[in-house]
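Read the structure below first, then the notes.
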Amino acid sequence: RERIEKAKSKKDLAKVLHDIQNFKVLDPACGSGNFLYIAFRELRRLEFEVMERMEKDPAQMKFGWISPKNFYGIDTNHFGLELAKIALSVGRKLAADEFKLPDNVLPFEDLDKNFSSEDALFHEWPKTNVIIGNPPYLGSRYLAKEHGYDYVKRLSEHFPDAPKMADYCTHWFRKAHDRLPSGGRAGLVGTNTIRQNESREASLDFIVQNGGTIIEAVATQVWSGDAAVHVSIVNWVKGTQAGKKAIYTQLGDRVDSPWRKDEVADISPSLSASLDVTQAKELKVNQEPKVVFVGQYPFHDGFLLSQEEATEWLKKDRSLSKILFPYMIGRDLLEAGHPTRWIIDFGQNDQLYAMKFERAFKRVKELVMPTVLEKAKKEKAATGKETTRWTRMANRWWQFRDWQPGTMAAIAKVPRYIAVSRVTKRTIFEFVDSAIHPDNALVVFPFSDDYSFGILQSGLHGLWFQTRCSSLKGDSRYTSETVFDTFPWPQSPTLKQVRAVADAAIKLRKMRSEVMKENQWSLRDLYRSLDTPGENPLRAAHDALDKTVMAAYGFGSRAEILEQLLQLNLELASAEAEGKTIQGPGAPPCVKNLKLFVTNDCIRSQDGA
């Protein structure tokens, strides 16, 4: 359209018309050809506009119209490919009728050479000007289950540089960029994980680092199809393009949710209109020693008891307290405010130890053991291997699939730990009694002091989370690799500043507790009040906390928090590389007596006895 608008002569228009009629389009995951059908109709529309600008009567044109043979498709679904051929031929007929063209559409053109019933990732793609499509979505953890281990191995060999945890669709982005000619363009739909973590590395990072420029993008959109996902749509050119770029973001979880448009000079691989913090570096001091954990994953409900069952069991046999514990999931943290279930946990002890607790062992044997043995049997039959994941589990069926020894050892050293739900729209932290076993849905920080809580609950850390986190559908996922490992902590706060952060954190939790008790609200209920503008005691308490945290960092304007955090991150990463010591997570050296910063409020279990 830009070339048509800029054309000043019929000669210029003739060149544009020639290029349109020789324009080639590929959809390497074409299904039944919807994208190709639309592409054909739009190019035919442009072609017609050029003819009108040239003051020629399109009805007199007997030759030269763009042909369905300019369009190519690849897909493993053979029936879908046959539909795609028909769609293009029908599209040609409808376009001829719409523009009243003497385009002889019968017999239909033979498009067999334009469509290949192959796996596009291992098949040679034809040379085209543009690549479009909606490649299949599948998380890396499901790939082997869907396609088999041999396929995963083949995929890894074919794309050796792609991160192993990248979404399946990212390989189409990577290959599309490789196959584009200089100046060629592509537009693909992917899950919105393509702008985060390893999926971003495999797709958008690769594009930008290899001469590509993202020219327009939908950061996130509720997908209207059958798949219950949020998607991102990315248009790019293999080369450069001057001028403003547009980012569109859907502001909600409904198909009809409103949109926001941002115009920026450049679109980063994170598809964010804000500062690009993807360049932040992991800090070793945040990783060693490890201070971020996930909770346990028992994998089977047979390990779980209701509150009433736990109370009844413990009344009859107090020795069960050695293997029976309150168990907290993410919903408990945000809604119930206490554990709603208990769990049978034999730890990593052998079967003879577990059998000493007869009632608990009997329950697990009856409910859990059959499931594990059946899964082991099926897995062995499917793979033909003697040693598989479930056969290993069958040898210790009374134990959790993931007991998380690191997590359990860490929380055993503290009277209370900090927890946050792994999948959440806003980070809401709370102290939890170390007697409570955390579920895999919780991220656990073994800090008992109020200063550390204040830093994590601050708006600074919350903003870093929002811009660095990964996603699950429309919700944000807290991941240590991208969020915590890169988050810089205050480097040289004074004891007075540390005290101020701790006191503000205490006041915030006290205020939350009082309001929730008065109104019979959950944490989730309380924080939903922040969605309504205006004065709010919760907002005021958070603002007060943020003010003390800003002072501890020595930061200036709150409008430049991301810039300041990113700059600090890069400075600390550089210092680490030079062998210098930097301040990591937790209380700083100026705190000589940590007990003075540890209060005793936390989530506790209801009495099980």
Normalised per residue, the volume of the convex hull around the Cα set of region 499-609 (Å³): 177
field: Solvent-accessible surface ranking, highest first, for GLU335, GLU263 at 1.4 angstrom
entry: GLU263, GLU335
- prompt: Around ASP119, which amide H atoms from residues at least 5 apart in sequence, or from another chain, sit under 5 Å from its own amide H, with H modelled in the peptide plane?
  reply: none
- prompt: Among the lysines, which have Cα under 22 Å from the Cα of LYS8 when same-chain residues fewer than 8 positions away are ignored?
  reply: LYS56
- request: Enumerate the calculated ³J(HN,Hα) couplings along region 140-154 in order (Karplus 6.51 cos²θ - 1.76 cosθ + 1.60, θ = phi - 60°), each rounded to whole Hz, writing x wherever the residue is Gly or Pro.
  value: 4, 5, 9, 5, 5, 5, 7, 10, x, 5, 5, 5, 4, 5, 5
message: Highest mean first, how do 108-121, 451-464, 510-523 rank when packing is the count of other Cβ atoms within 10 Å averaged over residues?
response: 451-464, 108-121, 510-523
- prompt: Quick one: helix 495-519 against the long Cα principal axis of the chain, what's the angle to the nearest 10°, folded into 0 to 90?
  reply: 90
message: Order 215-224, 345-354 from most to least packed using the mean count of other Cβ atoms within 10 Å.
response: 215-224, 345-354
Cα-Cα pairs of region 126-267 separated by more than 20 Å (percent): 48
query: Counting other Cβ atoms within 10 Å of each Cβ, which GluC sites (Glu not before Pro) in region 124-189 have at most 11 and sit in a DSSP loop?
result: GLU124
- prompt: At a probe size of 1.4 Å, how large is the accessible area of ILE428, to the nearest 10 Å²?
  reply: 10
statement: Amide H proximity to MET328 below 5 Å, modelled H, separation 5+ or other chain, gives HIS437, ASP439
task: Output the pairs from LYS24/LYS93; LYS69/LYS127; LYS69/LYS93; LYS164/LYS375 with a Cα-Cα distance over 21 Å in this structure; if there are none, say none.
output: LYS164/LYS375
query: Are any of the pairs LYS10/LYS175; LYS261/LYS281; LYS290/LYS510; LYS15/LYS100 more than 32 Å apart by Cα-Cα distance, and if so, which?
result: LYS10/LYS175
message: What aspartates and glutamates does LYS580 reach when the alpha-carbon gap must be under 16 Å and sequence neighbours fewer than 8 apart in one chain are set aside?
response: GLU282, GLU288, GLU571
task: Could you work out the equivalent-ellipsoid semi-axes for region 290-373, taking the square root of 5 times each eigenvalue of the Cα gyration tensor, largest first, in whole Å?
output: 22, 17, 13
query: Arranged from highest to lowest average of other beta-carbon atoms within 10 Å per residue, in what order do the peptides 101-107, 238-244, 26-32 appear?
result: 26-32, 101-107, 238-244
- request: For every helix of n ≥ 4 consecutive DSSP H residues, a contribution of -39,500 (n - 2.57) applies; sum these over the chain, divide by its total residues, and give [θ] at 222 nm rounded to the nearest 500 deg cm²/dmol.
  value: -11500 deg cm²/dmol
query: In region 347-476, what is the volume of the convex hull around the alpha carbon atoms, normalised per residue and reported in Å³?
result: 151
task: Hand me the trypsin sites (Lys or Arg not before Pro) from region 74-109 located in a DSSP loop with no more than 11 other Cβ atoms within 10 Å, in residue order please.
output: LYS100
- prompt: Given a cut-off of under 8 Å on Cα pairs at least six residues apart, what relative contact order in percent is computed for the chain?
  reply: 11
message: On a straight-distance basis, which aspartates and glutamates could pair with LYS356 in a cross-link, Cα separation under 20 angstrom, same-chain partners fewer than 8 positions away excluded?
response: GLU309, GLU312, ASP317, ASP345, GLU366
Mean accessible surface per residue for the chain, computed with a 1.4 Å probe while every protein chain stays in place, in Å²: 49
message: Using only the alpha carbons of the chain, what is the convex hull's orientation-averaged projected area in square nanometres?
response: 34.3
- request: May I ask you to evaluate 6.51 cos²θ - 1.76 cosθ + 1.60, the Karplus curve with θ = phi - 60°, for each residue of region 337-353 and list the ³J(HN,Hα) values in order in whole Hz, giving x for glycine and proline?
  value: x, 6, x, 9, 9, 10, 9, 7, 10, 7, x, 9, 7, 6, 5, 5, 5
field: Loop-resident sites, region 379-460, for GluC sites (Glu not before Pro), counting at most 15 other Cβ within 10 Å (DSSP)
entry: GLU386
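The values are calculated or read from the model by the stated rules, or taken from the named source; none is laboratory data. All of these numbers come straight from a predicted model, not from anything done at the bench. Glycine also receives a Cβ, built like all others from the backbone with ideal geometry; neighbour counts cover every protein chain displayed. To get the accessible areas, we keep the full protein, side chains included, count just its heavy atoms, and leave off ligands, DNA and RNA. Shrake-Rupley method; radii C 1.70, N 1.55, O 1.52, S 1.80 Å.
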